[in-house]
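This report concerns only the one structure given below.
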Amino acid sequence: AEVDGIFKARGRLGAWKADGALHLSSPTNPMDFVPSISTQANELRIESIRGKIIQAIGSGEGFTLFNSGNVVRANYNGEQNSFNFAELYPVGIADPRHLGILGGVTYFYTPTGLMQSAGNEIQKLDYALLDYLAQFKIPLKISSAAERYLIIEITEEYLDNLFYDRLLRKGVAVSYPKAYQAPATSSSGILQPPAISLDKPYVKAFFFDTQL
């Protein structure tokens, strides 16, 4: 069956579909996804997921599901040899490029700011640059380098339209390109995919040293 992504958790492979279907392989055979009591392979529907699954990341004794409407954590339950699911954060992400991993810590960008996730804890990072970028709602991409630097990338066209005017005109208000529409939020709080294609090359970036 076709899936949208795979991840690893506690020696098992997981496969997910955006519509919320989650498949966990047998602990003894990571290629066996056929639901069975004897092999412990399983297919799940997680009630705490809001919206569509955008990305799944395995970490520690479980894994985290980053959805369009929230973030859900799955922790291993040793007594039942299964996972317990609970909402970790009530706001989700709109695109998989809004998420990056650095040194075992997951960073993800939401409408409420840049967040840091390690296991069962989430913390908001207060970066003035991100607050500035957020007011324009431009597309971002998060990546990392050298197990130390968090990289916030944007496309060159948005840098030219935003920062060039900002720097030369000393903060005079400018309009961002009308071709871009920020991810829309429905009344339920679930993010919709961005209206613009994010496939253009990200050629400008800002580095943050996470060890300072």
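Note on A145 and R45: with the Förster distance fixed at 30 Å, the Cβ-Cβ geometry gives a FRET efficiency of about 0.20. For F83, the amide hydrogen comes within under 5 Å of the amide hydrogens of N77, counting only partners 5 or more places away or on other chains and with H modelled in the peptide plane.
In terms of overall dimensions, region 71-128 has a Cα radius of gyration and Dmax of 12.9, 45 angstrom. Note on region 9-132: Rg/Rh from Cα positions, Kirkwood definition for Rh, rounded to two decimals, is 1.00. Projecting label points 7 angstrom from Cα along Cα→Cβ for N77 and K17 puts them 2.4 nm apart. For L102, the amide hydrogen comes within under 5 Å of the amide hydrogens of Y107, counting only partners 5 or more places away or on other chains and with H modelled in the peptide plane.
Rule-based calculations on the coordinates, nothing more; no lab input. For clarity, every value in this text was computed on a predicted model and none was experimentally measured. Positions of Cβ are generated from backbone atoms using ideal geometry, with glycine treated the same way; all protein chains shown enter the neighbour counts.
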